[in-house]
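Report on the following structure.
Every read-out reported here was derived from the displayed coordinates using simple, explicitly stated rules and does not represent laboratory data. Remember, it's a predicted structure, so these values are computed and weren't measured experimentally. Cβ sites come from the backbone with ideal geometry, for glycine too, and all protein chains shown count toward neighbours.
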Amino acid sequence: MELPSKLLENAVNEMAQLPGIGKRTALRLVLHLLKQPLDQTEALAEALATMRKDVQFCRTCHTISDDIICTICSNAARDRSIICVVEDVRDVMAIENTNMFKGVYHVLGGKISPIEGIGPSQLKITSLVEKVKEGSVSEIIFALSSTMEGDTTNFYIYKQLKDFTVKMSTIARGISVGDELEYADEITLGRSLLHRIPFETAIKQ
């Protein structure tokens, strides 16, 4: 795609690096920004730069936060003895939208995937084990995507925790096998949480 301006081309190339954005879509977005008032474009650029520079990860659950401790972990009404293990912040948002979970979360930051070169050491698994060791956790809910990588990650964590006195369950398979959690509708996801099953039962199925 040949463009009349090197500045335009650079902007399009940067925009096209975003997931799901091809060169044509990137061009359309950049041309749209060119039509907007300069202060609006500058406000967008400033918001993105500030987010990238100042955003934090919760020291307790590892989700994205404005502060050292996120609003969920700092909420006294949440049941800290029940931890829902998810892949990333999008899954936290998906579950929160169901309004059916009152515990807290633990964000792994991904799932074990040898093909992508992601092993257990690159995920937030050690800090989860440390939480269980403290003795205040009564239940771990595995809410990873029902894919081979998700199941592998679940099983790895299960092996790390099976010697501790903690209940381990997994969300019911109302979520289709192979589906990513963030794309599940709120009703299905909520019911999967309510009707979770013991993890030992799940791995025998």
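Quick notes
- FRET efficiency estimate (nearest 0.05) - Cβ-Cβ, Glu2 to Asn75, R0 41 angstrom: 0.15
- When the stretch 6-54 is described by a simple charge dipole with +1 on each Lys and Arg Cβ and -1 on each Asp and Glu Cβ, the residue from Leu44, Gly22, Ala11 located farthest towards its positive end is Gly22.
- The distance between label points at Leu18 and Ser113 comes to 2.1 nm (points 7 Å beyond Cα on the Cα→Cβ vector).
- Gained length - Ser138 relative to Gln160, 0.36 nm times residue gap less alpha-carbon distance: 6.4 nm
- Cα-based Lys pair tally, the stretch 25-161, threshold under 17 Å, eight or more apart or on separate chains: 6
- Radius ratio Rg over Rh of the stretch 1-138, counting only Cα atoms, Kirkwood formula for Rh: 1.11
- Of the residues Arg24, Arg90, the one with the fewest other Cβ atoms within 10 Å heads the list, and the complete ranking is Arg24, Arg90.
- Magnitude of the charge dipole, the stretch 6-54, Cβ model with Lys/Arg +1 and Asp/Glu -1, debye to 20: 300 debye
- Spin-label model distance (nm) - Gln122 vs Gln36, 7 Å beyond Cα toward Cβ: 3.3 nm
- Where both bridge residues fall in the stretch 1-148, DSSP classifies roughly 25% of the beta bridges as antiparallel.
- Two-decimal Rg/Rh across the stretch 16-64, once Rg and the Kirkwood Rh are taken from alpha-carbon atoms: 1.13
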